[in-house]
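Input: a single structure, listed below in structure tokens.
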Amino acid sequence: MRAVDGAVARFEAIGLADRHRVGGKGASLGELARAGIDVPPGFVVTTEAFGAFADALPALRAPLVGLRADDLAGVATATAGMRARVLEAPLPQALREAIAQAHAALVGDDPRAPVAVRSSATSEDSAEASFAGLQDTFLWVRGLEAVIDAVRRCWASLYSEPSVTYRLRLGLPEAQVAMGVVVQRMVDARCAGVMFTRSPTTGDRSVVAINASWGLGSAVVSGEVTPDEYALNKVTGEVMRRVISDKAVRDVPKPEGGIVAEPVDEAERRVACCDDALLRSLLVTAERIERHYGQAMDIEWAVDRAGRLHVLQSRPETVWSQRDAQAAAQPIAAPQANPFAHVLAAMGGVRR
């Protein structure tokens, strides 16, 4: 079995260059933490740990050989068997101990302090492919055994039908795909949401677009609630758009662990969850992250009960950046000896 000496890595010790070790989400969280962004503390169970575990399962990936993305029945059968093997196999003792030590350091005196356990595949959260929502995340996980179980389930989700189908469509070599798992302190969020440093509807680079709702951000990301919408001008800071929605539900933690959707009180449903001070803080944070990465970003955030803003994740914006790349790849008309030839051609042809 492969050694697991590098089984865990703290956020402060990793960055974007470590994607191969900690996956896209873990690498980005480490990068943010090292840049001084307020990120809840955590660690990553590395791809080395996943490799050590997978090595003990002979021919784990063999069912995927020769599969096509349009073979839905074949993908369903293959992935079901692979997930079952991952969920049933024993965890190496050295790996269990490494996770236990990192978890104890993270939660301190409260062994049941809630954490988020989030998939972090090497192929996700890049400018080319986001994999958003295709692999599992578990929120408000309490206790070491629940954390270890969630880590295993994140590994198994690498072989979910949507994830495997997506990789087959992109032609990603399966041998190059590995899974890190983020373990991060939970934020007991008063409100949360996402923001884009480029308009997701128009591609306007001068705008920061913000979606927000009460409670945990999972309700916004999943589409469970219609969030408030804000658009801020990067140059002037002006709130250009403010749409306050009827936010009927919010995701909140369950005492025993996990989350549940609960109704929002009638008095709060149509109240803006972001005041101008918070919007200003979000704008400043969004611009800071965009400058650090040097490109448009998609950012998850949360505000805790004390009013402190935390960044939970940041990934490159993909929709408009891919459109820009496609436009840049379009052939440019070849130069003509006659400088008016292109104009004449557009008007019906050039006489020779």
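Summary table
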{"item": "Candidate set from segment 212-226 (those that are outside any loop (DSSP other than H, G, I, E, B) and over 16 Å from the mean Cα position of the chain (by Cα)); member that is nearest to Val264 (Cα to Cα)", "result": "Trp214"}
{"item": "Some residue of segment 50-70 being surrounded by 23 or more Cβ atoms within 10 Å (Cβ to Cβ) and either over 16 Å from Ser119 (Cβ atoms) or at pLDDT below 95 (or both)", "result": "yes"}
{"item": "Tally of residues being surrounded by fewer than 18 Cβ atoms within 10 Å (Cβ to Cβ) and either in contact with a strand residue (DSSP E or B) (Cβ under 9 Å, 6 or more places away or on another chain) or under 20 Å from Gly294 (Cα atoms) (or both) across segment 20-36", "result": "3"}
{"item": "Segment 232-284: number of residues that are aliphatic (A, V, I, L, M), under 19 Å from Arg198 (Cβ atoms) and in a loop (DSSP other than H, G, I, E, B)", "result": "1"}
{"item": "Output for segment 222-248, where each listed residue is surrounded by 18 or more Cβ atoms within 10 Å (Cβ to Cβ) and within 30 Å of Pro114 (Cα to Cα)", "result": "Val225, Pro227, Asp228, Lys247"}
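Each row is one residue, and each column tells you yes or no for (1) at pLDDT below 95; (2) surrounded by 18 or more Cβ atoms within 10 Å (Cβ to Cβ).
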{"site": "His103", "(1), (2)": "no, yes"}
{"site": "Leu106", "(1), (2)": "no, yes"}
{"site": "Ala132", "(1), (2)": "yes, no"}
{"site": "Gly143", "(1), (2)": "no, no"}
{"site": "Glu161", "(1), (2)": "yes, no"}
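The values are calculated or read from the model by the stated rules, or taken from the named source; none is laboratory data. Bear in mind that the values here come from a model prediction, so they are computed numbers and not experimental data. Because the Cβ atoms are built from the backbone with ideal geometry, glycine has one as well, and the counts that use them run over all protein chains shown.
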